[in-house]
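Below is one structure; the comments refer to it alone.
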Amino acid sequence: MQRQLGVIAGMVFAMALPVASEGCGRVDHDGQGYVVCQVDAAHEAGLRLWQDDGNGRPLNNFNNLRKTLAPGETLDFAMNAGMFHPDYRPVGLLVIDGQERQPVNTQAGGGNFGMLPNGVFCTGGARPFQVIESRAFAAAQPECRLATQSGPMLVIDGALHPRFLVDSDSRYIRNGVGVAPDGQTAWFAISDRPVTFHEFGRLFRDGLRVRDALYLDGSISRLYAPAVNRADFGRSLGPMIGLVGTAE
């Protein structure tokens, strides 16, 4: 039966404890609004990463993504999953169903991706969910069913990225993913309005109390989440990540 993805009612950030059930809901933190989608370990297998259709063409948007689902499958939520080149190829690591589609990129450089440390979101390995700093990932080469690389890291071992400024005037719609310290829960979040890196990082560190979180992108960030009546459209996307359920 389809998992009921309702609003995450009663998410009390003062206690840093979202409700135990999965779903997507609207939450507030430090005066900013977000949508947060929670996935627990029991449903890790329902997470998917998408890049191309069956003919090798980039999917680019949620409508095309939904067309790839099998009969009886539903898309519970999806969002863009990392930075990409003009031809929509990922800038960093992409692993889909255990197959490496793009290698890990450990080079410093311009832009947000190159603002080291950056990181990798990995599922289905030694723990259900992990966010691992990219150079540590390249050295350890952990097993992942799915993996996507982006940057910068938002939270690194419980601390905000050192280059985040409290008084920054750089504001964008931003999305990212954080992982519970025990690796049993992942939270995917997107801001309702433009926020700074510092504000977005605090959502994960202080609100969700994660020790590691990864920025996925900004300005092009998009969300599909019928539970909160979101079906964003805009510029074409590269890799996308989401949770697939089954219809009744």
Checklist outcome for this item: Dipole check, segment 48-193, charges on Cβ (K,R +1; D,E -1), about Cα centroid: among GLN102, CYS144, ILE132 the Cα furthest to the positive pole belongs to GLN102
Checklist entry - Ignoring ligands and nucleic acids, what accessible area does LEU214 show with a 1.4 Å probe (Å², nearest 10)? => result 0 Å²
Checklist entry - What is the spin-label model distance, in nm, from ASP53 to SER236 if the labels are put 7 Å beyond Cα along the C-beta direction? => result 1.1 nm
Checklist outcome for this item: Residues of segment 124-138 with backbone N under 19 Å of the label point set 7 Å from the Cα of ALA159 along Cα→Cβ are 131-137
Item to check | Choice from PHE84, PHE121, PHE200 with maximal GNM fluctuation in the chain (Cα, 10 Å cutoff) | outcome: PHE84
Item to check | Helical contribution to [θ] at 222 nm, DSSP H n ≥ 4, -39,500 (n - 2.57), averaged over the chain, rounded to 500 | outcome: -2000 deg cm²/dmol
Checklist outcome for this item: Out of ALA186, ALA139, ALA227, a Gaussian network model of the chain with alpha-carbon springs under 10 Å gives the largest mean-square fluctuation to ALA139
Item to check | Simple spin-label estimate for ALA140 and ASN63 in nanometres, 7 Å along Cα-Cβ | outcome: 4.2 nm
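With charges only on Cβ, +1 for K and R and -1 for D and E, what is the dipole size of the chain about its Cα centre, in debye, rounded to 20?
Working: 22 positive and 25 negative charges, 68 e Å.
The calculation lands at about 320 debye.
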Item to check | Dipole moment magnitude, nearest 20 debye, segment 148-230 about Cα centre, only Lys, Arg, Asp, Glu C-beta charged | outcome: 180 debye
Next on the checklist: Leaving out ligands, DNA and RNA, and with a 1.4 Å probe, what % of the accessible surface on segment 57-115 is carbon or sulfur?
Outcome noted: 46 percent
Item to check | Size of the chain as Cα extents on the principal axes (Å, biggest first) | outcome: 48, 41, 36
Next on the checklist: Relative contact order of the chain, please, whole-number percent, based on alpha carbon pairs below 8 angstrom and at least 6 residues apart.
Outcome noted: 29 percent
Item to check | Calculated from backbone phi, Karplus (6.51, -1.76, 1.60) coupling profile of segment 113-125 in Hz, x at Gly/Pro | outcome: 4, x, 7, 5, x, 9, x, 10, 9, 10, 10, x, x
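The values are calculated or read from the model by the stated rules, or taken from the named source; none is laboratory data. Remember, it's a predicted structure, so these values are computed and weren't measured experimentally. Every residue, glycine among them, receives a Cβ derived from its backbone with ideal geometry; neighbour counts consider all protein chains shown. Remember, those area values only see protein heavy atoms, side chains included, never the ligands or the DNA or RNA. Shrake-Rupley method; radii C 1.70, N 1.55, O 1.52, S 1.80 Å.
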